[in-house]
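The values are calculated or read from the model by the stated rules, or taken from the named source; none is laboratory data. Just so we're clear, the structure is a prediction, and the values are computed from it rather than from any experiment. Glycine also receives a Cβ, built like all others from the backbone with ideal geometry; neighbour counts cover every protein chain displayed. Note: accessible area is taken over every heavy atom of the protein model, side chains too, but ligands, DNA and RNA are not part of it. Shrake-Rupley method; radii C 1.70, N 1.55, O 1.52, S 1.80 Å.
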There are 4 protein chains.
Amino acid sequence: MTVPDKHILLMDGPDSKGLIYHVTGVLYRHNLNIIHNDEYVSPSGRFFMRTEFEAGVAYDSFDSAVLLHELQTTVPGLGDHTHDRAEAPGQSGITFRLNPKRRKNIVVMVTKEHHCLGELLIRYAFDELDADILAVVSNYNMLQPLVSKFGIPFHHISHEGKTREEHEEAILRTIAIYEPEYIVLAKYMRVLTAGFVNHFPNRIINIHHSFLPAFVGANPYRQAYERGVKIIGATAHFVNNDLDEGPIIAQNVKEVDHRHTAADMATEGKDVEKIVLSQALKLVFSDRVFISGNRAIVL
Amino acid sequence: MTVPDKHILLMDGPDSKGLIYHVTGVLYRHNLNIIHNDEYVSPSGRFFMRTEFEAGVAYDSFDSAVLLHELQTTVPGLGDHTHDRAEAPGQSGITFRLNPKRRKNIVVMVTKEHHCLGELLIRYAFDELDADILAVVSNYNMLQPLVSKFGIPFHHISHEGKTREEHEEAILRTIAIYEPEYIVLAKYMRVLTAGFVNHFPNRIINIHHSFLPAFVGANPYRQAYERGVKIIGATAHFVNNDLDEGPIIAQNVKEVDHRHTAADMATEGKDVEKIVLSQALKLVFSDRVFISGNRAIVL
Amino acid sequence: MTVPDKHILLMDGPDSKGLIYHVTGVLYRHNLNIIHNDEYVSPSGRFFMRTEFEAGVAYDSFDSAVLLHELQTTVPGLGDHTHDRAEAPGQSGITFRLNPKRRKNIVVMVTKEHHCLGELLIRYAFDELDADILAVVSNYNMLQPLVSKFGIPFHHISHEGKTREEHEEAILRTIAIYEPEYIVLAKYMRVLTAGFVNHFPNRIINIHHSFLPAFVGANPYRQAYERGVKIIGATAHFVNNDLDEGPIIAQNVKEVDHRHTAADMATEGKDVEKIVLSQALKLVFSDRVFISGNRAIVL
Amino acid sequence: MTVPDKHILLMDGPDSKGLIYHVTGVLYRHNLNIIHNDEYVSPSGRFFMRTEFEAGVAYDSFDSAVLLHELQTTVPGLGDHTHDRAEAPGQSGITFRLNPKRRKNIVVMVTKEHHCLGELLIRYAFDELDADILAVVSNYNMLQPLVSKFGIPFHHISHEGKTREEHEEAILRTIAIYEPEYIVLAKYMRVLTAGFVNHFPNRIINIHHSFLPAFVGANPYRQAYERGVKIIGATAHFVNNDLDEGPIIAQNVKEVDHRHTAADMATEGKDVEKIVLSQALKLVFSDRVFISGNRAIVL
């Protein structure tokens, strides 16, 4: 039996009436069957849609270029002549992406802590990450033995004796070799400058060890202990110019009590951090995450 | 400024290619704007869709009968001539519901415990229930004073000296006066016969004080204590012929430890029960719940 | 059968070696049986203990004054001669409280929202609050009908046309009539001055509608929406001079997603708020909460 | 500065008056300082206590044998002459354990799934497991490459062509080489006979991929899907003769919805399973878990 391939269509742009109708119409006329469709219109009028569809067995291939062209010329704004309705001509402004690259290339950056990195390596080793870890970069060398077990290049780029700019420049040169689609900060504990971040807009994902926006900055578990919170958390988010301020992809929490020292919270928190990071990466790498201003839309 | 009315269209029936396209096309041609659309196709090929839409300000009314007729004659199966495609004629089998009655009429049944009933009464008093509590029926009279505070009829129908059938018959006669759309079992602690339940198919909602299917039947907290579980829960579900076996609408849980006696668990569990029941009712009364076999689909 | 009474002993003071031994020794010599004992020593060396004990059936009463005196003279610091050990004489500095008043008197303050108040009233009506609600004070009158159902005095003290000081003074005068042990801010939406708060040190309990310390101040759900969080929460805490800064008693959270508007979050959050407040009050009123600096110790 | 060693004393036996007093008295007279003390008395009258204490800097060692002897001869039942009280002489029946072996030896058993094993290996590699993994035993060989990365012996003992008894006998012979204190079933998917289990009373820990007691037996995620649950879970428990019936050590859950297929639930559930198993092992290996009938007491 031939299992039909699953295809993914992503849309992102200004909302207008009839968008779902026009898009599903193009798919229908190509004899493509929608398996799942999810859309969202932001309060500011931005439209996001993610459509999974499959071709029938008799039509198990279709011309992607033709389909995309038809989508771009059929949706309102570009002129819709299907039903003889007068629409204002012009650009619809919708961005269509058909079947984005399934398996992403990533570089992972770490400092000293192993728990998030270990989680990613195990998932990678068993093909559960939807991504290839091309390399691991660290400002310390202590995680090299772990990375070596999995046959992945490890680059120790120490920050010692370097200015921040020199250090980031060295990292950038190394990353450039791999041309990754995403940079994953799996407990990379140094602040990145805007200069660095701007190289990878919406392509850097960080795990912060607090329930943001509580406890931005350093030592969040120490802050959490001092504040006497009864719940700790972790936040996976895109990194933009402002530290700990990018769109939040996933969060989770865990109960603590007065017996937990800051160190205990840090230990307990690690389990939350690594799972939240993994879940966020799974969402991003399966093309389910859109960005709307400072908010992440998960379809 | 005129705020456009929000309308809701519900669909339930066999899946076929182009359903979303045809439905959204009808709405588009009526100049109706989709605000939110959610659909689901079950593994067995059943299609469910819930569409929220609004009419433009210039078109702030539309003819529901015309719209429904067009939906029923346009979707595939009934023959789709829009695009000169040859579809097998005949019944599409889709059930359309346009703007189901917004505010449901309900009768609440209780025994002795007040926590779920109190929750419903407070929500009702402040118009948060999306329903009118027409009456409360109980086999005990101890909750009468509470119900009286809120000016709602209370019917004490004791089971003492009656056979189960006589008792249920008396309840049915009382309920019949009110013609409720839903019966809410807010800790009604007697088993209902199939004879009773069959009067209200998929219209009885129960809160069970365990994380079903664990601990069906009586004394679930006692069972939970004996088993030494570390988490307790509550389950809101439709009632069908089999006790504690209908489609699950909502569940939630709470951590416990070895210090909790069965009585402690019961006390802690009450907070979970009443919130889970309220959340389930909110979903049902806003027409977001479909039934697919023994599973509840929440769109 | 005579069920032995349960007694509670609370201790709070500087830690020193042998504290548990000396206290349990006094109880032992009085033939009192410890049912549950929980203690905590803070990093700064403060000792907290909560002991539940019962007298045997043959000794179903004991002299509290004698017991307290013996505790105060036996524990180290005051001189421990029991075992001929040389301890530095002087004040142990431990505060002992034996059988604190079981049922607390409280005044509840509200503004316009009913959900927390309704929760408290229902619990009070069914004797689940471990407290007597002596009165409800509000700067609006819209919750008067609800409060009246439960036969509790309602004081509408509008802030309009008054300075903050005049308003608080009027509230204080009203509260003074009732001599409550605790003030419960069940969604009282005005900031209280230090002048007001200082009248009730560690005796004012507030519910804040965010997962503190995220989103202090006004409109936390609006802030949460803007930040795009994936989890919302609520925090019950003691009120001290700094707004939203007192010791946290209890917190809980709920998942949200990008579809939740700020208004949706506020609606969903109410269920969390009222349960967290109730749980915090239960802990405080059963004398399980101690304060250590800015942290709440729950034994 | 000399950091005083932390010592752990475990007690388990029939409850009687004065137990805490007598034990803390022995520690006090040895100049030992209690850091944390937690105790529990079961409804059936069994007493459990876990005491952490440290010796003063001046007394940084003490004679364990002397201390244990004194504990055994001082607590009530053996005769308490400290205060000239007449106690019935005889066995107290209390079992004392002082400073149980800190680092446990374990053998891990697996079948095909890697997620729990990977979690344990990473923790072990970074000394976070409080245990040494002496060997991994599997009825398949597919996890051998993973285990090899960490330099741990892997024994492939296939069940093919063997009776259940022959297979278990072969496993037992292999395990016997290592003399482990605990057997960890990290997704070992074959039922163990009572004959096998009886070799390791309360020393086998299993992770079951459901929220027990819901969905015992095979394919719990399939069962969960069929039942339409809204929450899935995992349970770590001791294994005794009855399958999936031993004392529960830890449980956790995760929300699902109607879109999750049984396979989706299995994927999502893996994150819960591995964390729950790790947390349970952490509790057991730090000697915080006592067994009371079919319930696990966590102090």
Quiz prompt | Placed amide H near B:V256: partners under 5 Å, 5+ positions off or other chain | solution = B:I231, B:I232
Practice problem: First check a/c for region B:104-298, with a ≥ b ≥ c the square roots of the eigenvalues of its C-alpha gyration tensor; if it is under 1.5, answer rounded, and if not, answer prolate when a/b is larger than b/c or oblate otherwise. | Solution: rounded
Quiz item: Under a point-charge model restricted to the Cβ atoms of Lys and Arg (+1) and Asp and Glu (-1), what is the dipole moment magnitude of the protein assembly as shown relative to its Cα centre, in debye to the nearest 20?
Solution: 0
Quiz item: Just from its helices, what would the mean residue ellipticity at 222 nm be for chain D, if runs of 4 or more DSSP H residues each count -39500 (n - 2.57) and the sum is divided by every residue, rounded to the nearest 500 deg cm²/dmol?
Solution: -9000 deg cm²/dmol
Quiz item: Just by accessible area at a 1.4 angstrom probe, what is the order of D:F53, C:F126 from largest to smallest?
Solution: C:F126, D:F53
Self-check item: Net charge, C:A236 excluded, C-beta distance under 11 Å - Lys, Arg +1, Asp, Glu -1
Solution: +2
Exercise. Just tell me, in residue order, which DSSP H segments of chain D are both 20 angstrom or longer along the helix axis (alpha-carbon based) and at least 0.0 in mean Kyte-Doolittle hydropathy.
Key: D:262-285
Exercise. Answer rounded, prolate or oblate for region C:223-299, using the Cα gyration tensor with square roots of eigenvalues a ≥ b ≥ c: rounded when a/c is under 1.5, else prolate when a/b is larger than b/c, else oblate.
Key: prolate
Quiz item: To the nearest 10 square angstrom, how much accessible area does D:E169 have with a 1.4 angstrom probe?
Solution: 90
Practice problem: Please find the FRET efficiency linking B:E166 to B:N99, where r is the Cβ-Cβ separation and R0 is fixed at 41 Å, and quote it to the nearest 0.05. | Solution: 0.50
Practice problem: Report the label-to-label distance for A:D5 and D:N219 in nanometres (one decimal), using points 7 Å from each Cα along the Cα→Cβ vector. | Solution: 3.2
Quiz item: Relative to the other copies, what are the label-point distances for A:G45, with labels 7 Å from Cα along the C-beta vector, expressed in nm at one decimal and sorted shortest first?
Solution: 4.4, 6.7, 7.8
Exercise. Taking each label point as 7 Å beyond Cα in the direction of the beta carbon, state the distances from D:H156 to the same residue in the other copies, shortest first, in nm.
Key: 3.5, 7.5, 8.2
Exercise. Output, in nm with one decimal and in ascending order, the distances from the A:G195 label point to the matching label points of the other copies (7 Å from Cα along Cα-to-Cβ).
Key: 5.5, 7.2, 8.5
Self-check item: Solvent accessible area, Å² - B:F290, 1.4 Å probe, full protein context
Solution: 10
Self-check item: Rotational relation D to B, axis-closest Cβ in chain D, residue and distance rounded to whole Å
Solution: D:A214, 2
Quiz item: Taking every DSSP beta bridge that has both residues in the protein assembly as shown, what percent is antiparallel when rounded to the nearest 5?
Solution: 70
Quiz item: Put A:E166, D:E165 in order of accessible area, largest first, 1.4 Å probe: what do you get?
Solution: D:E165, A:E166
Practice problem: Please calculate the 1.4 Å probe accessible area of B:D132, with all protein chains present, and give it to the nearest 10 Å². | Solution: 40
Quiz item: Which length gain, in nm to one decimal place, applies between C:N294 and C:D127 when the Cα-Cα distance is subtracted from 0.36 nm times their residue separation?
Solution: 57.0 nm
Quiz prompt | Charge-dipole axis of chain D as Lys and Arg at +1 and Asp and Glu at -1 on Cβ define it, positive-most pick from D:Y225, D:T24, D:A186 | solution = D:Y225
Quiz item: Once you put a point 7 Å from the Cα of A:E245 and another 7 Å from the Cα of B:N31, both along the Cβ direction, what distance in nm separates them?
Solution: 4.5
Self-check item: FRET efficiency, 1/(1 + (r/R0)^6) with R0 35 Å, evaluated for B:Q144 and C:K112 via beta carbons
Solution: 0.70
Quiz item: When only Cα pairs under 8 Å and 6 or more residues apart are kept, what is the percent relative contact order across chain A?
Solution: 14
Quiz item: Just by accessible area at a 1.4 angstrom probe, what is the order of B:R203, D:R173 from largest to smallest?
Solution: D:R173, B:R203
Quiz item: So what's the gap between the Cα centers of region A:224-299 and region A:114-131, to the nearest angstrom?
Solution: 18
Quiz item: Projected onto the charge dipole of region C:104-298 (+1 at Lys/Arg Cβ, -1 at Asp/Glu Cβ, origin at the Cα centre), which of C:I106, C:H155, C:H258 gives the Cα projection farthest towards the positive end?
Solution: C:H258
Practice problem: Take every DSSP beta bridge whose two residues both sit in chain A, then give the antiparallel share in percent to the nearest 5. | Solution: 70
